[in-house]
Amino acid sequence: MEEEAAAAATEEEAAVTHRHQHRRRPATADPAYWKGHPEKIIDCIGNLGSILGSLGEVCHAFFGSKIHTLQDALCNTRTDCYGDLLREGAAAYINAIAAKKEKFAYTAYQVKECVAVGLTSEFAAAAQAAMLKKANYACHY
């Protein structure tokens, strides 16, 4: 009887270990996540989101006609602080919309304001991008 109990306990331990090994870690909702999942952007926003409507007129004017949607913002290849701000801002905006039940650090309006502040200087862009990046990396789906 003790052997049967020991065997059952060993089987249960093996099953728990197996479940833990195959449990998927939630995806970090950073720019790379959203860039690779445009269908999820559409699921939560209803479309790929216009830059003008999402991040505001200042952002639209700053980046010009090459960036139309949040997907474009996530895919931008600028390597400077403004490119980082655009990518992190787009991801943060989506996270603010998508994370209604789970709390995200910022509202969509606050993200829009952060991006606008970031566009005032390179220093501000780097600071705002870093702040939004921290919030994005703390958000999981």
If residue 21 meets every condition in (1) at pLDDT 65 or above; (2) more than 14 Å from the chain's Cα centre (by Cα); (3) in a helix (DSSP H, G or I); (4) not aliphatic (A, V, I, L, M) apart from one, which number is that one?
(1)
If we ask which residues in region 34-44 are at pLDDT 85 or above and more than 16 Å from residue 86 (Cβ to Cβ), their number turns out to be 7
Give the residues of region 28-51 that are over 14 Å from residue 112 (Cβ atoms), of a type outside the set (A, V, I, L, M, F, W, C) and not in a helix (DSSP H, G or I), sorted by residue number.
28, 30, 36, 37, 46, 47
Take region 52-79 and flag every residue that is part of a loop (DSSP other than H, G, I, E, B) and not hydroxyl-bearing (Ser, Thr, Tyr).
56, 67, 68, 76, 78
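Take residue 67 and decide whether it is touching a helix residue (DSSP H, G or I) at 6+ places or on another chain (Cβ under 7 Å), modelled with pLDDT under 85 and within 21 Å of residue 125 (Cβ to Cβ).
No: the conditions fail for residue 67.
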Search region 73-101 for residues that are of a type in the set (S, T, N, Q) and pair each with any residue that is assigned to a loop (DSSP other than H, G, I, E, B) when their beta-carbon atoms are under 8 Å apart and the residues are at least 6 apart or on different chains.
76/67; 95/29; 95/104; 95/139
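The values are calculated or read from the model by the stated rules, or taken from the named source; none is laboratory data. What you are looking at is a predicted structure, and each value in this text was computed from that prediction instead of being measured. Virtual Cβ from ideal backbone geometry, glycine too; neighbours counted across all protein chains shown.
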